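**Q** Okay, here's the structure, questions in a sec.
What follows is calculated from the coordinates using simple rules that are stated; it is not laboratory data. Remember, predicted model here, so these are calculated numbers, not experimental data. Heads up, the Cβs are rebuilt from the backbone with ideal geometry, glycines too, and the neighbour counts pull from every protein chain shown.
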Amino acid sequence: MAVKALKGFKDIIPGEVETWQFIEQTARSIFQRFGFSEIKVPILEKTKLFTRSIGETTDIVEKEMYTFPDRNGSSLTMRPEGTAPVLRAYIENGLYAVKPVQKLYTIGPMFRHERPQKGRLRQFHQMSVEVLGTDKPWLDADVMAMAWQILRELGLTASLEINSLGCKACRPSFNKALLDFLDQAQGLCDDCLRRRQTNPLRVLDCKSSNCQEQYAQAPSILDFLCDGCRDHFTTVKEGLELLSVPYKVNSFMVRGLDYYTRTTFELVTSDLGAQSAVGAGGRYDGLVKQLGGPDVPGIGFALGVERLVLLLDQLGKGGSRPHVDLFIAALGSQAQEKAFVLTNILRANGLSVAMDLMDRSLKNQMKQAGKAGARYALILGEQELENGEAVLRNMETHDQENVVIKEDIELWSEEFAHITH
Ligand code: HAM
């Protein structure tokens, strides 16, 4: 029996990959406009990088990581997210000494052993950004505006939900109020009872309707923010308003990773079934220091590429045929030889060129040209060769013109300069 791919791991095949390329190119162009540089980091890291940053009692670390012993016995993990590896690289390569504010982005696969469903895979892809070196609230707004801009240029809409999770100074008083509230709550699910002990904030993310009903009355973290965090949050909101980015405050939004402080946000949509977040992120002041680096603040987010692809497909904006500038249809061995050489020369001159190597009839070759989405076809038959000419057909308008065949085939390429995009 043929060997199949693993559950939750997907091939991205031609016809789909064009949507991926569109998403990536759009994002890269926006990252560049916002002053970000790309960083590429390994897929495999020491397990402790993730346990230390994401948090021992998070779902990701407790039950979703692909962790295994290396041949020498040390524990390795396939990265479940991009922030920790990028921060490790930032520290290890001394990037804080190169520029006071580093704006980095990375695009690539992440791995989480979750139950696969629509929009949820075990190998999925994130476009993830991190800004390290400043805690200015306008930066938070700027980073969210960039995420917003990516969705806009992709032709997608989502709503931006924001919250503040406070800091080391004010979070404990909220935690205490939340624990007092949980002590009074009735009939909580087993998960929440466990979370109450290990990571109380996370209960607010419970999907059970009974728990959710009760949490509607839970204390709001926004009522517990210290002055610094409150001012920060106010200025973040003002920044979003200045940039005309619509947002909604959701004081119950807690994130699945423990490193967040102050601003957190999610881009949510109702068009993806159970998986509503197309992207998410927040501030993580203190995390660089916690990982052994200098005490610099940071903020970032990640967009889930598979979810963006799903949204584009649903709108009928996914896919797109690969573009071919010119299809050369040749009949007879002499013409085929000329076509073979010309194809190669034109490709070297920047044109996307296809030809048929299967000795098919002209009719069939023109069908091939249509299927390839060619903008022009060059018809090269024995007769045309004898007359020292070939026929160039605009595939859209069906207009035809004769092209003179020059002695030196290199000179031909000039004839086609005008058909590039
Ligand atoms: P996250 O919320 O765990 O945050 O993931 C960010 C996005 O990745 C999600 O909103 C979703 O679109 C996508 N995603 C997550 N898990 C899956 C999955 N199993 N299948 C498909 N897509 C998925 C982070 O990972 C943080 N590192 C984001 C960040 C960067 N925060 C600061 N900097």
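**Q** Would you mind working out the magnitude of the charge dipole of the chain relative to its Cα centre, with +1 at each Lys and Arg C-beta and -1 at each Asp and Glu C-beta, to the nearest 20 Debye?
**A** Around 1680 debye, computed over the chain.
**Q** Cut-off under 20 Å on the C-alpha distance; same-chain residues fewer than 8 positions from Lys4 excluded. Which aspartates and glutamates are left, in chain and number order?
**A** Lys4 reaches Glu16, Glu114.
**Q** For labels at Val249 and Trp138 in the simple 7 Å Cα→Cβ model, what's the distance in nm?
**A** Modelled inter-label distance: 2.2 nm.
**Q** Shifting gears a bit: Towards the positive end of the charge dipole of the chain, with charges on Cβ (+1 Lys, Arg; -1 Asp, Glu), say which of Leu182, Leu151, Cys167 has the farthest Cα.
**A** Farthest along the dipole direction, towards plus: Leu182.
**Q** In nm, what is the difference between 0.36 nm times the number of residues separating Asn210 and Lys168 and their Cα-Cα distance?
**A** Length difference between fully extended and current span is 12.1 nm.
**Q** Let me ask you something else. If we count GluC sites (Glu not before Pro) as exposed when they sit in a DSSP loop and have at most 13 other beta carbons within 10 Å, what is the longest stretch of the chain that avoids them all?
**A** 57-395
**Q** Assuming R0 = 56 Å, can you tell me the calculated FRET efficiency for the pair Glu389 and Thr198, based on Cβ-Cβ distance, to the nearest 0.05?
**A** So the FRET efficiency works out to roughly 0.10.
**Q** How big is the Cα convex hull of the chain in projection, averaged over all directions, in nm²?
**A** 27.7
**Q** Where does segment 324-420 land on Rg/Rh, using Cα atoms and the Kirkwood Rh?
**A** Rg/Rh: 0.91.
**Q** Also, I was wondering about something else. Using DSSP, restrict attention to beta bridges with both residues in segment 324-420 and report what percent are antiparallel, rounded to the nearest 5.
**A** In segment 324-420, DSSP labels about 50 percent of beta bridges as antiparallel.
**Q** Something else: Got a sec? How would Lys136, Lys118 order by Cβ neighbour count within 10 Å, fewest to most?
**A** Lys118, Lys136
**Q** I'm checking a number: the convex hull volume of the Cα atoms of segment 134-226, normalised per residue, in Å³. What is it?
**A** Given the Cα convex hull of segment 134-226, per-residue volume reads 134 Å³.
**Q** Next question. Hey, what's the Kirkwood Rh for segment 63-147 if you take every pair of different alpha carbons, in angstrom?
**A** Value: 15.1 Å, from the Cα pair sum.
**Q** Assuming 0.36 nm per residue, please report the length gained on full extension of the stretch Asn344 to Asp11 beyond their Cα-Cα distance.
**A** Working it through step by step, the gained length comes to 116.8 nm.
**Q** Same structure again: Only bridges with both residues in the chain count here: give the DSSP antiparallel percent, nearest 5.
**A** The antiparallel fraction comes to roughly 80 percent.
**Q** To the nearest 20 Debye, how big is the dipole of segment 324-420 about its Cα centre, given +1 on the beta carbon of each Lys and Arg and -1 on that of each Asp and Glu?
**A** I would put it at about 560 debye.
**Q** On a 29 Å Cα-Cα criterion, which of the cross-link pairs Lys118/Lys168; Lys103/Lys207; Lys136/Lys248; Lys317/Lys338; Lys48/Lys103 come out too long?
**A** Lys118/Lys168; Lys103/Lys207; Lys317/Lys338
**Q** Once fully extended, how much extra length lies between Tyr66 and Lys99, figured as 0.36 nm per residue of separation less the alpha-carbon to alpha-carbon distance?
**A** 8.5 nm
**Q** Taking the Cα of Asp183, stepping 7 Å toward and past its beta carbon, and measuring to each backbone N in segment 219-233: which are under 20 Å?
**A** Residues 219-221, 224 fall inside that zone.
**Q** Label-point separation (nm) for Ser270 and Glu56, each offset 7 Å from Cα along Cα-to-Cβ?
**A** 4.2
**Q** Can you pull out the trypsin sites (Lys or Arg not before Pro) in segment 154-194 whose DSSP state is coil and whose Cβ has at most 12 other Cβ atoms within 10 Å?
**A** Lys168
**Q** What Cys residues in the chain have no fellow cysteine's beta-carbon under 4.7 angstrom?
**A** Result for the chain is Cys167, Cys189, Cys192, Cys229, no neighbouring Cys Cβ within the cutoff.
**Q** Calculate the tail of P(r) for segment 3-154: the fraction of all Cα-Cα distances greater than 23 Å, expressed in %.
**A** Value for segment 3-154 (Cα pairs over 23 Å): 46 percent.
**Q** In the chain, with Lys and Arg counted as +1 and Asp and Glu as -1 at Cβ, which of these residues, Ala369, Leu351, Gln212, has the Cα nearest the positive end of the dipole, that is, farthest along it?
**A** It is Gln212.
**Q** To continue, here is another question. With a cut-off of at most 16 other beta carbons within 10 Å, and DSSP calling the residue loop, which chymotrypsin sites (Phe, Trp or Tyr not before Pro) in segment 77-132 qualify? Please list them.
**A** Passing both the DSSP loop test and the Cβ count: no residue.
**Q** Within the set of other residues whose C-beta is less than 11 Å from the C-beta of Glu16, count the net charge using Lys and Arg as +1 and Asp and Glu as -1.
**A** With Lys, Arg at +1 and Asp, Glu at -1, the neighbours total -3.
**Q** If you take the charge dipole of the chain about its Cα centre, with +1 on Lys and Arg Cβ and -1 on Asp and Glu Cβ, which of Met65, Ser37, Leu331 is farthest toward its positive end?
**A** About the Cα centre, the residue reaching furthest to the positive side is Met65.
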